[in-house]
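Below is one structure, written out as structure tokens; comments come after it.
No lab work stands behind these numbers, since they all come straight from the coordinates. Predicted model, so just to flag it, every value in this text is computed and none were measured. A quick note on method: Cβ atoms are made from the backbone with ideal geometry, for glycine too, and the neighbour counts reach across all protein chains shown.
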Amino acid sequence: MRRRRYSLATTLACLLATGIASAATPSPVQHATALIDAGQFTSAQADITQALAQPGLSPDAREALLFQRERMRRILLDFTLDANAAKAKLRKQIPDLTDAEFTRWDSQGLIEHQVIDGRTLYFKRAPGNLFLLSKEAAAQRAHPAPSNDDPMETLNDHHREARRKALATHRSSVTPNHVRVTETVTVNADAVPAGETIRAWLPFPRELPGQQEGVRLVDSQPAGAQVAPASTMQRTAYLEKKAQAGKPTTFAVTYELTIHAQYHDIDAAKVVPARITPELAPFIAERAPHIVFTDDLRAFSHKVVGDETNPYRIAQKLFAAVDQIPWAGAREYSTISNLSDYTLHAGHGDCGEQTMLLIALLRLNGIPARWQSGFIFSDGTYNNIHDWGQLYLAPYGWVPMDVTFGQLHPAQGDDPALQWFYLGGLDAYRIAFNSDFSQPLVPRKQFFRSETVDSQRGELEWRGGNLYFDTWNYDFTWQLLPASERSDR
């Protein structure tokens, strides 16, 4: 798909059409959002300053306006390259790159950029993403990059065994892994003044029966981590530590849990439209700003779904369609005003963007869908943060989906049903921290979150404000455990 260019008028029209703006005129927050999306940062800054000076401004409106100011700063941290710098990065891989080739790929929407106050700026990951989006560019690459895919993205014996065990035992939760994980977050030296207290929220596993169980805090640095209640939808372990002059500040949390692979042997002939109870109703609803049933979303859905009425067949069609959107490294979610709409038009998306689009499409079709996300790993060296989801299919209930891992490719002798393993199944090499998006942390943050949608890397702040991702880094280590070595035995 070609990347759509937004004018201010178009953006405002979209806000009005989707009910985000009032029927009369957009609020100062909505107007600032539209200006920023249109790349008119100077005008947005002026409007925000003027709006903040108005008497009677509500605290929520003030915070929203201040966040739009912060969003501009974050966008400029993501879009750091001018055309010459973008070409220079590409020429490290394509030494004979011509200006004409660059212009052609750019005009096709393959080199992500924004025009900000009349200046064209390129996303810092756009040169690398080009090789994921263009077979032509990839073929010209002087040094092909080694694959960094999760082993679970390719059909393997773990998938086969999970399906075999599920069919043999008539259970949907099988082949458990016992794992110990440590996440470490390191704040840059002198990111805050010495003696100031840094507050840290590190992701922590949720207790999800049949998916992951026996969650146990083993250790934390500093000691005394405050683990959020099990009901917290974006669960974390909270820590505090004082900064020391000239030294990085380190936080760590270690936990254990048991993870089950999941597999549901779904028979489309048995699937019926779900009866939408009050518990399911939120999961077929719009939820601005990231799940909005726009005209473009409806048109895309109609093109893909056609006249199909079976919920599972609809889900298969939508899953396959979103699976066709190529993966590419994403800008920070907090800089994007509508993730599902962005992914629909950008022509690429990472796991969270693809998942949000699929959730929006499923809900539009009356199929309940919800978010999950966390950390994925292998029994080797691979690890990453990752997003996926769940959909509700009667009579099976909630079942997993991972559209980024997508359709698998059964080999000769495999059951063809393994193609759809990740629409109703899930591997046992992932840990869910979150069962929803954009939910409050416990205890609450006082300042803006670095990640307004997801919670996988952590959040940090001090009394002077939020600590954004450019001031700290994170790392995961993990170990698969025999059941006899688990510390809760």
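Quick notes on this one:
- Which listed residue, of D436, D475, is of a type in the set (D, E, K, R), in a strand (DSSP E or B) and in contact (Cβ under 8 Å) with a residue 60 or more places away in the chain: D475
- Within region 69-135, strands (runs of 3 or more DSSP E) holding 1 or more residues that are without any contact (Cβ under 8 Å) to a residue 40 or more places away in the chain and not hydrophobic (A, V, I, L, M, F, W, C): 113-116, 119-123
- Condition broken by L155, with the remaining ones in (1) more than 19 Å from Y342 (Cα to Cα); (2) touching a residue at least 60 places away in the same chain (Cβ under 8 Å); (3) assigned to a helix (DSSP H, G or I) satisfied: (3)
- The one condition in (1) touching a helix residue (DSSP H, G or I) at 6+ places or on another chain (Cβ under 8 Å); (2) farther than 26 Å from A228 by Cα that N338 fails to fulfil: (1)
- Some residue of region 265-277 being buried (at least 19 other Cβ atoms within 10 Å of the Cβ) and not in a loop (DSSP other than H, G, I, E, B): no
- Lone unmet requirement of (1) surrounded by 13 or more Cβ atoms within 10 Å (Cβ to Cβ); (2) outside any strand (DSSP E or B); (3) small (G, A, S) for S220: (2)
- Whichever residue in region 356-399 is in contact with a Ser or Thr (Cβ under 7 Å, 6 or more places away or on another chain) and either part of a helix (DSSP H, G or I) or polar (S, T, N, Q) (or both) and, among such residues, is surrounded by the fewest Cβ atoms within 10 Å (Cβ to Cβ): N365
- Candidate set: region 314-345, residues that are assigned to a helix (DSSP H, G or I) and among the acidic types (D, E); chosen: the one nearest to L423 (Cα to Cα): D323
- Hits in region 105-152 - residues which are of a type in the set (S, T, Y) and crowded, with 16+ Cβ neighbours inside 10 Å: Y122, S134
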